[in-house]
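**Q** Could you have a look at this structure, given as structure tokens, before my questions?
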Amino acid sequence: QNTWPDITRRSYGHSGDDLMTQQEKDAKGIINIRNNEYMKVSGRVLEIHAKYPDCVSITSEILDENDSCRTVKSTVVVTDEKGDREFSGHAREYFDFDDRKSVNFASALENAETSAIGRAIGSAGVGIIPGSAFSSANEMQRIEARTKARESQIPTETEDEETEDEETPIQKIR
């Protein structure tokens with residue numbers, strides 16, 4: 001039997017009469033994806049600040065920045081009677097070069113930071129819904145887009161063959 005508290009219950013209780021309404025789930029940023037419930041990062045941020053008022057610090061650091069992706073580490077520090085407790089999360093987002101409408105066409109850094117913050121808060125045990133994965137709703141919603149973005153960066157066999165035959169700028173000068 002799962003002994004984790006159920007975030008979809010109003011009081012984290014286990015009785016059947018205190019289930020959240022859909023309106024309450026919407027307010028907390030809880031959505032259903034593939035028959036599992038996930039909390040959005042915005043909901044996790046609200047939840048950790050409600051659980052530890054005036055005791056939370058969230059910082060982010062860019063670990064890698066290159067032509068194809070951005071990698072971010074976010075750290076959540078909770079300062080309470082137990083002292084300073086530090087939790088971290090990492091995320092990498094790939095640019096989507098094929099789809100100008102994709103959020104990762106221009107905002108991979110922002111998406112990576114949002115995911116890293118959600119993971120750091122999840123590491124603190126906040127916003128994780130039992131029976132669902134560690135991922136936030138934001139990450140689960142972007143799985144298909146992430147796959148397409150990454151695939152847009154992998155050269156096809158025909159592109160590889162064309163590249164081998166082309167002269168590089170240095171070869172043309174000589």
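The values are calculated or read from the model by the stated rules, or taken from the named source; none is laboratory data. All values reported here derive from a predicted model rather than from experimental measurement. Every residue, glycine among them, receives a Cβ derived from its backbone with ideal geometry; neighbour counts consider all protein chains shown. These area figures cover heavy atoms from the full protein model, side chains too; ligands, DNA and RNA do not enter into them. Shrake-Rupley method; radii C 1.70, N 1.55, O 1.52, S 1.80 Å.
**Q** Taking 30 Å as R0, compute the FRET efficiency from the Cβ-Cβ separation of L19 and K82 and round it to 0.05.
**A** Numbers: r = 31 Å, r/R0 = 1.03.
Computed FRET efficiency for L19 and K82: 0.45.
**Q** List the lysines whose Cα sits under 25 Å from the Cα of K148, skipping any in the same chain fewer than 8 residues away.
**A** K148 reaches K40, K73, K101.
**Q** In sequence order, what are the phi-derived ³J(HN,Hα) couplings for the range 89-104 according to the Karplus relation 6.51 cos²θ - 1.76 cosθ + 1.60 with θ = phi - 60°, rounded to whole Hz, with x for glycine and proline?
**A** Each residue of the range 89-104 in turn: x, 10, 8, 10, 10, 9, 5, 9, 7, 8, 10, 5, 7, 5, 4, 7 Hz.
**Q** Could you work out the local net charge near Y52, counting Lys and Arg as +1, Asp and Glu as -1, over the other residues with Cβ closer than 14 Å to its Cβ? List each step's numbers first, then the result.
**A** Values: positive: R44, K51, K82, R85; negative: E47, D54, D80, E81, D84, E86.
It works out to a net charge of -2.
**Q** Then there is this: So, in nm, how far is label D54 from label D67 when the simple model puts each one 7 Å beyond its Cα toward the Cβ?
**A** According to this spin-label approximation, the distance is 5.1 nm.
**Q** Please work out whether the range 16-78 counts as rounded, prolate or oblate from its C-alpha gyration tensor, where a ≥ b ≥ c are the square roots of the eigenvalues and a/c under 1.5 means rounded, while otherwise a/b larger than b/c means prolate and anything else oblate? If you can, show how the numbers build up before the last one.
**A** Details: a/c = 3.94, a/b = 1.56, b/c = 2.53.
It is oblate, given that a/c is not under 1.5 and a/b is not larger than b/c.
**Q** Now for a different question. Under 1.5 on a/c is rounded, so check that first for the range 18-148, then, if it is not, pick prolate when a/b is larger than b/c and oblate when it is not; a ≥ b ≥ c are the square roots of the alpha carbon gyration tensor eigenvalues.
**A** Working: a/c = 2.49, a/b = 1.26, b/c = 1.98.
Oblate.
**Q** For the pair R34 and T147, how long in nm is the line joining their label points, each one 7 Å along Cα→Cβ?
**A** Result: 0.8 nm between the two label points.
**Q** Keeping all protein chains in position, work out how much accessible area Y38 exposes to a 1.4 Å probe, and write it in Å² to the nearest 10.
**A** Estimated to the nearest 10 Å², Y38 gives 10 Å².
**Q** Under 15 Å from the Cβ of V76, count the other residues' Cβ atoms, weight Lys and Arg +1, Asp and Glu -1, and hand me the total. Could the numbers behind the result be given before it?
**A** On the way: positive: R44, K51, K73, K82, R85, R119; negative: E47, D54, E61, D80, D84, E86, E113.
It works out to a net charge of -1.
**Q** Here is a follow-up. Can you list residues from other chains, or at least 5 along the same chain, whose modelled amide H is less than 5 Å from the amide H of K40?
**A** For K40, whose amide H was placed from the backbone, the distant partners under 5 Å are I30, I31, A137.
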